[in-house]
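A short worksheet on the structure shown next.
The values are calculated or read from the model by the stated rules, or taken from the named source; none is laboratory data. Owing to the predicted nature of the structure, the values given are computational and were not obtained by experimental measurement. Here the Cβ positions follow ideal geometry from the backbone for every residue, glycine too, while neighbour counts run over all protein chains shown. For the accessible areas, the whole protein counts, side chains as well, though only heavy atoms, and no ligand, DNA or RNA atoms are used. Shrake-Rupley method; radii C 1.70, N 1.55, O 1.52, S 1.80 Å.
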Amino acid sequence: MVHISTQLFGGVEAGGTKFVCAVGAGPDDLRAEARFPTTTPDETIRQVIEFFQPYRGRLAALGIASFGPVDLNPRSPTWGYITSTPKPGWANTDLAGPLRRALGVPVGFDTDVNGAALGEHRWGAAQGLDTFIYLTIGTGIGGGAMVGGRLVHGLLHPEMGHIRLPRDPQRDPFPGVCPFHGDCFEGLASGPALEKRWGARAETLPAEHPAWALEAHYIALALTAYICTLSPQRIILGGGVMAQPQLLPQIRAGVQALLNGYIRAPALLDSIETYLTLPALGDRAGVLGALALAQSSISNH
Ligand code: ADP
Ligand code: ZN
């Protein structure tokens, strides 16, 4: 039997703007942490290896929760790669391989949002559930899903930020910022979409600005689609944009209005406050998720 609490793990939250690395076994046992900006793949990977070098031989496994798209197919020759990202210099980058070779440990590799979902499942707002979604609304929009106790991979991995939503051109003439789809969910409701539509950074828009009612409307439309397709027991909403406290109540009301009483689950009808909730792990969700991926790579936890 594996006693994961007594073992040390490494976690890498690989983001498009910053990397966060940590050594530990969970939220109450984090022994070292470092963060640095995402520069070139060579330099960034070198910094990750340097951070973990003192722990070489003492780590049971390394977990990487990465921005993407990524290759998660263990039978693919490019497993562990960041594949088609528009981020300059990072397309077709082998991220897991050099770290596994340099540190000599098993590597658990998944999307940033699947990692965050796993972390929230183990230590946060999704404990005890087996089917739920972790959605981030930040520079991009992405969702990680656990269904029946397993993180969803499937064909590649879900791309929940790129679903199409109805847009009323009278109310919102903005064509969206997604380079692939224009007015998909991410194109309409990510932080950069807010900034471009309203001409000011999202964090500077006042709480009573009309941006927020429209934002809550789009998020509610997307959540309604996920609720009807995956039947999640809870949805956790993270990312920089969710730091606006007025958003969540509007999203909850919007979801209830859109579903219109059709799905007769008490969680939706009577306790929407716990059904649609913020991450319990706060800004540690990413790196703790990476630690959880490390643990899962060597156990059935
Ligand atoms: P990333 O997605 O790059 O990992 P974040 O989740 O912090 O990082 O998202 C960054 C985006 O969130 C930016 O577009 C920024 O404008 C927006 N943002 C950050 N803080 C706030 C805030 N307090 N209110 C609204 N939007 C915010
Ligand atoms: Zn898109």
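Kindly state, as a whole number, the per residue volume in cubic angstrom of the convex hull around the alpha carbon atoms of segment 5-151. Show your work: numbers first, answer last.
Working: hull volume 17.0 nm³, N = 147.
Dividing the Cα hull volume of segment 5-151 by its residue count gives 116 Å³.
Tell me which residues come under 5 Å, amide H to amide H, from Ile64 once H is placed; ignore anything under 5 positions away on its chain.
Here the answer is Val12, Gly108, Phe109, Asp110, since their amide H atoms fall under 5 Å of that of Ile64.
If the only charges are +1 at each Lys and Arg Cβ and -1 at each Asp and Glu Cβ, what is the size of the charge dipole of segment 125-278 around the Cα centre, to the nearest 20 debye?
Computed charge dipole of segment 125-278: roughly 180 debye.
Run through all the Cα pairs of segment 125-278 and give the fraction in each 10 Å bin from 0, expressed as whole percent.
Here the calculated profile for segment 125-278 is 11, 43, 35, 11, 0.
So what's the angle, to the nearest 10 degrees on a 0 to 90 scale, between helix 112-123 and the longest Cα principal axis of the chain?
Tilt relative to the chain: about 80 degrees.
Would you compute, for the Cα atoms of segment 148-187, the largest minus smallest coordinate along each principal axis and list the three values in descending order, in whole Å?
42, 21, 11
Could the peptides 181-191, 197-207 be put in order, highest first, of the mean number of other beta-carbon atoms found within 10 Å of their residues? Can you show the working numbers first?
Values: 181-191: 23.2, 197-207: 13.6.
The most tightly packed comes first, giving 181-191, 197-207.
Tell me, what HN-Hα J-couplings in whole Hz come from the Karplus equation 6.51 cos²θ - 1.76 cosθ + 1.60 at θ = phi - 60° for each residue of segment 51-61, using x for Gly and Pro?
4, 8, 3, x, 9, 4, x, 10, 8, 6, 6
What per residue convex hull volume, in Å³, comes out for segment 45-96 when only alpha-carbon positions are used?
On the way: hull volume 4.8 nm³, N = 52.
So the per-residue Cα hull volume is 93 Å³.
Please work out, to two decimal places, the log10 of the ratio I(q)/I(0) at q = 0.08, 0.09 Å⁻¹ from a Debye calculation in which every Cα of the chain carries one identical scatterer.
Listed by q, the Debye log ratios stand at -0.34, -0.44.
List the trypsin sites (Lys or Arg not before Pro) in segment 237-301 that DSSP assigns to loop (not H, G, I, E or B) and whose Cβ has at most 13 other Cβ atoms within 10 Å. Which are they?
Numbers: sites: Arg252, Arg264, Arg284; in loops: Arg264.
The qualifying sites are Arg264.
Relative to the first principal axis of the alpha-carbon coordinates of the chain, what is the inclination of helix 285-298, with its axis defined by its Cα atoms, in degrees from 0 to 90 and to the nearest 10?
It is inclined by approximately 50 degrees.
Just the accessible area per residue of the chain, please: how many Å² with a 1.4 Å probe? Could you put the intermediate results ahead of the total?
Working: 13560 Å² over 301 residues.
Accessible area per residue, the chain: 45 Å².
Using each residue's phi in segment 262-272, evaluate 6.51 cos²θ - 1.76 cosθ + 1.60 at θ = phi - 60° and report the 3J(HN,Hα) Karplus result to the nearest Hz, with x for Gly and Pro.
5, 8, 8, 9, x, 4, 8, 7, 10, 10, 4
Per-residue HN-Hα couplings for segment 28-43, Karplus 6.51 cos²θ - 1.76 cosθ + 1.60 at θ = phi - 60°, whole Hz, x for Gly and Pro?
9, 9, 10, 9, 7, 8, 8, 9, 8, x, 6, 10, 7, x, 4, 5
Amide H neighbours of Ala125 under 5 Å, at least 5 residues apart or on other chains, H built in the peptide plane: list them.
Ala280, Leu281
How much accessible surface area, in Å² rounded to 10, belongs to the heavy atoms of Lys87 with a 1.4 Å probe?
Accessible area, nearest 10 Å²: 60 Å².
State to the nearest 20 debye the size of the charge dipole of segment 33-148 about its Cα centre, where the only charges are +1 on K and R beta carbons and -1 on D and E beta carbons.
On the way: 9 positive and 10 negative charges, 60 e Å.
Dipole of segment 33-148, to the nearest 20 debye: 280 debye.
Give me the one-decimal nm value for the distance between modelled label points at Leu155 and Ser84, 7 Å along each residue's Cα-to-Cβ direction.
1.1 nm
For segment 1-147, what proportion of DSSP beta bridges, expressed in % and rounded to the nearest 5, is antiparallel?
65 percent
Counting Lys and Arg as +1 and Asp and Glu as -1, each charge on the Cβ, what is the dipole of the chain about the Cα centre in debye, to the nearest 20?
420 debye
Measure nothing but the geometry: give the 0 to 90° angle between the long axis through the Cα atoms of 210-230 and the longest principal axis through the Cα atoms of the chain, rounded to 10°.
Between helix and principal axis, roughly 70 degrees.
Any idea which of Ala207, Pro77, Leu194 is furthest toward the positive side of the dipole for the chain, if Lys and Arg beta-carbons carry +1 and Asp and Glu beta-carbons -1?
Pro77
Over segment 216-301, how many percent of alpha carbon pairs lie in each 5 Å bin up to the one with the longest distance?
Taking every Cα pair in segment 216-301, the percentages come to 3, 13, 22, 21, 15, 12, 9, 5, 1.
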